[in-house]
Amino acid sequence: AVAEVKLRDDQYTLDHMRAFGMYNYLHLDSWSQDNVYYVDQFGRVMNLSVTLDTALQKPREVFRLPTELTACDNRLCASVHFSSSTWVTLSDGTGRLYLIKSGKRGNSASEKWEIVFNEELGSPFVIAHSVSFIKSDRHSVAVLLLRVEKDELDAKGSGFHITLEWVTIAEIRKEGDHRYEIFKRRVLQGKSVPHYAAIEPNGDGLMIVSYKPFKFMQDEDEKLEENDDAKATNDKKDPLYYWQQTEEDVTITVHIPQDITKDDIKVRFSPENICVTLKDQPPLMEGKLYSSVDHESCTWIIRENKSLEISLIKKSEGSQWPELVVGDTRGELIMDSSQCSESLMHLTSEVLNPNPERENPPCNAQELEECDAFLEDGASLCRFDGDTLKVTHVINLGSNQYLFSVVVDPREMPCFCLRHDVDALLWQPHSDQPENMWEHIATFNALGYVQASKQDKKFMACAPDYSYAALCECLRRVFIYRQPTPLPTVLYNRKEGRQVGQVAKQLVATLEASDPILGFQATNERLFVLTTKTLFVIKVNPGN
């Protein structure tokens, strides 16, 4: 049977349930999609592969964990992650990490798992993600380890915090010596289990979707350096001005000394430039604006709180300015929360549900039902730079609830699916494209609304070719939602009298099993559902 590890009495928080209680025990090899893996109660990594259409071969042992799993009292479930087509990271749930060279998987002739690195890395963890890459002619594997740890200082909260440890294991080549060893270890800490955490393919950064923020924990040396940096930063003055923007205008606020009167202020506008001077001082702000303005409509006033407020009217509406005066870093942009949440959504379309066949407008918030409300109203998406360990991008997801993640292309980062109004939108991160870092690649119509009513849902997934989405409950039932497809016959909507060109089908499969569902994976053709003692394969799309 599957090596299921049930939560202990001291693992009572929602975070324990999310990280370990809802763990997906079935591992799909994205490089070889007819292959799934699980770890059994003897610590064996078992492979099941589909041969003819739905014919499953017998489970085949590819690796056996050297440690006796039941000997460790506080162990977690064993976890597996496929870093590339020939490399695997594996944890036995006791705190030991294995790096394995597997050979080309899915073929019993070439698949041979051998340990090239294994080390005890502290308290037990599960593997959240891993990538294999080559940098400076040296092969490395980066792994993310997830832990829920007791927090003695947290008197008001749950008494636990979450850590993500980012471990990089690199190849060492010296004369007659070829081995792998730990090159870097960095730890992030937060107060909620991340919905999504993935390392960029080249190992340069990290993306996290979480309800509460994560930050890097530092060593003493780094703290001293940071204190020096902080001193240097404190020596710098506060921003000289603050600015905000909408799609139509820009508002600049400058604090001015008490003795300055209206006659002492000179503001010059031109289509491309601005110049602001106080009395006989050097210009407070001068230079080329990021984009053209309607200079004849620009105005300025002195507010009661002794601040100068300048309004610029944008020539081209809708564009967001990344800076105000080109090259001037003395100001600070203030973004409101609605602009933050729009920053993901402006990449899709003006309409919430772009569907040329649908005349009705999308639903508004007043039409949402009780099952649509969800607790975590403020998840955010952050990108961390691997060198500076600082956040480079933050997007407030607002009410765009996180649903699931899926690997569409194993060479890219996993995609994540967010609820957007009644629909579900799939986003592909591109770490190498700063201008288009998150691309909207697919839409599942009404899935956001439909999944909200499934109170017992445990796992969600979709096919890598987006042909269907699926979710399963804790027991027995699996729901499959196909994308709209053209109809072979003519169908009319009798109420409206119009012809219907496409229909999206929903299917329900009921498994003949009384055991809870422990694993769930989707490929383009089939769904794999794992219970303690049975693996079900559901044929969804016929083979090409």
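The values are calculated or read from the model by the stated rules, or taken from the named source; none is laboratory data. Keep in mind the model is a prediction, meaning the values are calculated, not measured. FYI the Cβ positions are ideal-geometry reconstructions off the backbone, even for glycines, and counts take in every protein chain you see. Just the protein is used for accessible areas: all its heavy atoms, side chains included, with ligands, DNA and RNA removed. Shrake-Rupley method; radii C 1.70, N 1.55, O 1.52, S 1.80 Å.
All of (1) open to solvent by 40 Å² or more (accessible area, probe 1.4 Å); (2) outside any strand (DSSP E or B) hold for residue 154 with one exception: (1). Tallying residues that are open to solvent by 20 Å² or more (accessible area, probe 1.4 Å) and either within 16 Å of residue 461 (Cβ to Cβ) or assigned by the TED database to the domain that holds residue 199 (or both) within segment 411-442 yields 1. Among the residues that make up segment 448-458, is at least one of them assigned to a strand (DSSP E or B), under 19 Å from residue 519 (Cα atoms) and of a type outside the set (Val, Ile, Thr)? Yes: segment 448-458 contains one or more residues that are assigned to a strand (DSSP E or B), under 19 Å from residue 519 (Cα atoms) and of a type outside the set (Val, Ile, Thr).
Only one entry in 9, 92 is under 30 Å from residue 192 (Cβ atoms) and open to solvent by less than 20 Å² (accessible area, probe 1.4 Å), namely 92. Restrict the check to segment 140-148 and report whether at least one residue is of a type outside the set (Lys, Arg), open to solvent by 50 Å² or more (accessible area, probe 1.4 Å) and in contact (Cβ under 8 Å) with a residue 40 or more places away in the chain. Looking through segment 140-148, none of the residues is of a type outside the set (Lys, Arg), open to solvent by 50 Å² or more (accessible area, probe 1.4 Å) and in contact (Cβ under 8 Å) with a residue 40 or more places away in the chain.
Does residue 92 fit the bill of being within 29 Å of residue 16 (Cβ to Cβ), modelled with pLDDT under 95 and acidic (Asp, Glu)? Criteria met by residue 92.
You will find that of 86, 67, the residue that is under 29 Å from residue 150 (Cα atoms) and surrounded by fewer than 20 Cβ atoms within 10 Å (Cβ to Cβ) is 67 and no other. The set of residues in segment 393-405 that are within 26 Å of residue 27 (Cβ to Cβ) and either open to solvent by 20 Å² or more (accessible area, probe 1.4 Å) or touching an Asp or Glu at 6+ places or on another chain (Cβ under 7 Å) (or both) comprises 401, 402, 403, 405. Taken together, the residues in segment 379-392 that are closer than 16 Å to residue 210 by Cα and open to solvent by less than 60 Å² (accessible area, probe 1.4 Å) amount to 6. When we screen 108, 84 for residues that are within 20 Å of the chain's Cα centre (by Cα) and of a type in the set (Gly, Ala, Ser), the only hit is 84. Inside segment 517-527, residues that are modelled with pLDDT under 95 and farther than 12 Å from residue 468 by Cβ make up a count of 0.
When segment 300-322 is filtered for residues that are within 17 Å of residue 333 (Cα to Cα) and either open to solvent by 70 Å² or more (accessible area, probe 1.4 Å) or not assigned by the TED database to the domain that holds residue 273 (or both), the ones remaining, listed by number, are 320, 322. Once segment 125-135 is narrowed to residues that are open to solvent by 20 Å² or more (accessible area, probe 1.4 Å) and in contact (Cβ under 8 Å) with a residue 12 or more places away in the chain, the residue that is nearest to residue 164 (Cα to Cα) is 128.
Quick check on this structure: which one of 272, 304 is touching a Leu at 6+ places or on another chain (Cβ under 7 Å) and acidic (Asp, Glu)? If you could, list the steps in order and put the result at the bottom.
Numbers: 304 fails: touching a Leu at 6+ places or on another chain (Cβ under 7 Å).
Within the list 272, 304, the selection yields 272.
Okay, residues lined up against (1) out of contact with any strand residue (DSSP E or B) (no Cβ under 9 Å at 6 or more places or on another chain); (2) open to solvent by less than 20 Å² (accessible area, probe 1.4 Å); (3) at pLDDT 90 or above:
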site: 54; (1), (2), (3): no, no, no
site: 57; (1), (2), (3): no, no, no
site: 81; (1), (2), (3): no, no, yes
site: 102; (1), (2), (3): no, yes, yes
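A search for C-beta distances below 7 Å between a residue of segment 468-489 that is under 14 Å from residue 450 (Cβ atoms) and acidic (Asp, Glu) and any residue that is assigned to a strand (DSSP E or B) and open to solvent by 60 Å² or more (accessible area, probe 1.4 Å), counting only pairs 6+ apart in sequence or on different chains, returns 473/457.
Just to be sure, is residue 473 acidic (Asp, Glu) and out of contact with any strand residue (DSSP E or B) (no Cβ under 9 Å at 6 or more places or on another chain)? In short, no. Just one of the listed residues (297, 292, 270) is within 44 Å of the chain's Cα centre (by Cα) and more than 19 Å from residue 327 (Cβ to Cβ), and it is 297.
Sort out for me the strands (runs of 3 or more DSSP E) sitting completely within segment 64-128 that have 2 or more residues that are aliphatic (A, V, I, L, M) and farther than 17 Å from residue 2 by Cα. Before you say what the answer is, go through the steps one by one.
Numbers: elements: 79-82, 87-91, 96-101, 114-120.
Strands (runs of 3 or more DSSP E) meeting the threshold: 96-101, 114-120.
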